[in-house]
Amino acid sequence: MPLTLPVRPRRLRRGPTLRKMLRETVLTPEDFIYPLFVRPGQGLRRPIAALAGQDHLSPDEAARTAAEVYALGVPAVILFGLPEVKDPVGASGADPEGPVQSAIRAIKAAVPEMVVITDVCLCEYTDHGHCGLLREGRVDNDATLPHLAAQALSHARAGADLVAPSDMMDGRVGAIRDLLDQEGFQETAIMAYSVKYASAFYGPFREAAGSAPAFGDRRSYQMDPARRREAQLEIDLDLAEGADIVMIKPAGPCLDILRETRDRLDIPLAAYQVSGEYAMLMAAAQAGLLDGQAAALETLTAIKRAGADLIITYLAPQAARWLRP
Ligand code: PBG
């Protein structure tokens with residue numbers, strides 16, 4: 001005997017068209033920001049062992065890849081640099097002829113409409129691999145700020161649309177905003193890595209970017225994953241200092257933080273699906289343990305459902321292809 005159930009959610013799951021009509025969360029390639037690792041040189045495209053499917057690129061090749069992903073509907077890239085020289089203060093990060101600065105110009109020349117974002121941090125440019133200057137073996141917050149601001153300014157001068165500080169020093173958004181404004185870059189926006197947990201999921205990136213700390217770890221500046229409420233404090237501080245877009249990372253392990261932020265604030269919200277999240281998916285799919293495409297799209301859908309407007313992901317070109325009608 002069939003039951004008389006007034007409400008049967010399964011009624012609306014009967015066919016694919018009906019299911020599609022009722023979907024609230026719809027991924028599009030426009031949600032994605034694609035990370036690129038840029039090295040000095042020309043015509044260089046070298047696979048990154050730690051990140052299957054991603055390459056180290058010289059600025060001209062970065063422009064080629066940018067044009068390709070733009071044609072797939074991905075509107076933005078975020079650039080990371082591997083410099084020729086490193087020193088204790090990361091000075092090469094502000095070199096107008098550095099790989100990131102050259103790549104910004106090359107991408108803007110090839111695809112003027114593409115939004116170019118740059119990661120601003122010292123860890124790729126310091127010989128000790130920490131995100132700030134050292135004093136007596138510790139990262140000196142305030143001494144670091146002018147160096148971050150100088151790097152951000154060099155990116156703005158090269159034509160970056162947004163700069164994205166990832167170092168987690170206190171006060172760095174304000175320091176960057178002040179210098180950009182002083183130098184006439186009122187229109188250059190800031191996407192702050194506001195909530196950045198000290199995560200094991202950055203492992204493959206540090207190999208890709210050559211930015212692992214030479215000693216210790218980043219736990220005196222990146223956040224403790226066991227603290228939830230501090231995330232909202234970090235976001236409020238960055239907004240007060242002038243952040244235009246707030247970012248949360250890693251994405252998958254922080255869906256709760258994304259949801260809480262989205263419920264509390266009407267601000268543009270980004271999430272970074274980091275290297276370790278990508279590597280896990282790739283490895284599991286490679287081993288035949290799961291359907292890589294379905295699993296990847298499920299993670300991206302979950303990140304958007306949790307509240308992200310923008311998703312930084314190494315899957316961007318692949319996912320854009322999968323989403324093609
Ligand atoms: C630089 C930076 C890192 C990531 C983004 N910017 C590494 C770190 O903080 O150690 C991680 C990105 C990823 O894992 O994909 N500070």
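The values are calculated or read from the model by the stated rules, or taken from the named source; none is laboratory data. All values reported here derive from a predicted model rather than from experimental measurement. Positions of Cβ are generated from backbone atoms using ideal geometry, with glycine treated the same way; all protein chains shown enter the neighbour counts. With ligands, DNA and RNA removed, areas are computed over all heavy atoms of the protein, side chains included. Shrake-Rupley method; radii C 1.70, N 1.55, O 1.52, S 1.80 Å.
Taking Cα centre as origin and charging only the Cβ of basic (Lys, Arg, +1) and acidic (Asp, Glu, -1) residues, the dipole magnitude of the chain rounds to 1940 debye.
Counted over the chain, the DSSP beta bridges are approximately 15% antiparallel.
Mean projected area of the convex hull spanned by the Cα atoms of segment 149-201, taken over all viewing directions: 3.9 nm². Taking only protein heavy atoms and a 1.4 Å probe, the accessible area of the chain is 53% carbon and sulfur. For Val274, the residues whose modelled amide H falls within less than 5 Å of its own, excluding neighbours fewer than 5 places apart on the same chain, are Ala251, Gly252. Applying the Karplus relation 6.51 cos²θ - 1.76 cosθ + 1.60 with θ = phi - 60° to segment 194-200 yields 3J(HN,Hα) values of 6, 10, 10, 7, 6, 10, 6 Hz, where x marks Gly and Pro. Based on protein heavy atoms only, segment 56-186 ends up with 36 Å² per residue of surface accessible to a 1.4 Å probe. When only Cα pairs below 8 angstrom with a gap of at least 6 residues are kept, the chain shows a relative contact order of 18 percent. Around Thr299, under 12 Å between beta carbons, what's the net of Lys plus Arg minus Asp minus Glu among the other residues? Residues close to Thr299 contribute a combined charge of 0.
Considering all alpha-carbon pairs of the chain, what whole percent are spaced by more than 33 angstrom?
Tail of P(r) above 33 Å: 24 percent of Cα pairs.
Distance between the C-alpha centres of segment 106-173 and segment 180-254: 11 Å, rounded to the whole angstrom.
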